[in-house]
Amino acid sequence: LQKSLSETFGADKYSRARKEVLTYMFSRPMQMALYFCTGVLKDETLFHHYALNVPFYTHFTSPIRRYADIVVHRLLSASLGVRSPIKMETEAIQKQADHCNDRKMASKRVQELSADLFFSVFVRVRP
């Protein structure tokens, strides 16, 4: 598959853009990760990471990037006893997670539409 894709990208001035667009389009069908509060979900199989094949998985990035990551860092710090517990009920944390998921999905949709527009213009002007 990689060899076939590499041949499709070509070596002209559009090859980098073609690679980015096609790689994005191939990865689009992958399931998007969702934020959730573990205290709300009783089925622990939902914590499983399919690709890594691990039963419990969490992921977060630097807390300067997203609010959800700030919450995760604060909860993790509290669970390790580094800071005092967050004074939020489980349902309130889940409500924040739902809001972050909604915003992330909206952002992804705008990104997809932008890529579709770029690809349409690219195909139209390409001889």
Review point. Just the accessible area for Glu44, please: 1.4 Å probe, Å², rounded to the nearest 10?
Key: 110 Å²
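Using only Cα atoms, figure out Rg for segment 34-125 and give it as a multiple of 2.2 N^0.38 Å.
Working: Rg = 17.4 Å, N = 92, 2.2 N^0.38 = 12.3 Å.
Dividing the Cα radius of gyration by 2.2 N^0.38 Å gives 1.42.
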Study note, to complete from the structure: Expressed as a whole-number percentage, the relative contact order of the chain with C-alpha contacts under 8 angstrom and at least six residues apart is 21 percent
**Study point:** Residues of the chain: accessible area per residue with a 1.4 Å probe, Å²
**Key:** 79 Å²
Revision key, fill the gap. The chain: longest segment with zero exposed chymotrypsin sites (Phe, Trp or Tyr not before Pro), where exposed means DSSP loop plus at most 10 other C-beta atoms within 10 Å, is residues 57-127
Point to revise | Thr90 accessible area, 1.4 Å probe, all protein chains in place, Å² to nearest 10 | key: 50 Å²
**Study point:** Number of Lys pairs (Cα under 21 Å; 8 or more positions apart or on different chains) in the chain
**Key:** 7
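Under unit Cβ charges (Lys, Arg +1; Asp, Glu -1), what dipole magnitude, rounded to 20 debye, does segment 34-125 have relative to its Cα centre?
On the way: 12 positive and 9 negative charges, 70 e Å.
Approximately 340 debye in magnitude.
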Review point. Which order do Ile64, Ile86 take by accessible area at a 1.4 Å probe, largest first?
Key: Ile64, Ile86
Check your understanding: Using the Kyte-Doolittle scale, which helices in the chain average at least -1.0 and also have C-alpha atoms spread 15 Å or more along the helix axis, with helices defined as whole DSSP H runs?
Key -> 15-27, 67-79, 90-125
Revision key, fill the gap. With all protein chains present, the chain has a carbon and sulfur share of its accessible area (1.4 Å probe) in percent of 60 percent
Exercise for review: Can you list which of the trypsin sites (Lys or Arg not before Pro) found in segment 34-127 are DSSP loop residues with at most 15 other C-beta atoms within 10 Å?
Suggested key: Lys42, Arg65, Arg83, Lys87
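The values are calculated or read from the model by the stated rules, or taken from the named source; none is laboratory data. Treat the numbers as computed from the prediction; the structure is a model and nothing was measured. Positions of Cβ are backbone-derived with ideal geometry, glycine not excepted, and every protein chain shown enters the neighbour counts. Just so you know, the surface numbers come from the protein's heavy atoms only, side chains and all, with ligands and any DNA or RNA stripped out. Shrake-Rupley method; radii C 1.70, N 1.55, O 1.52, S 1.80 Å.
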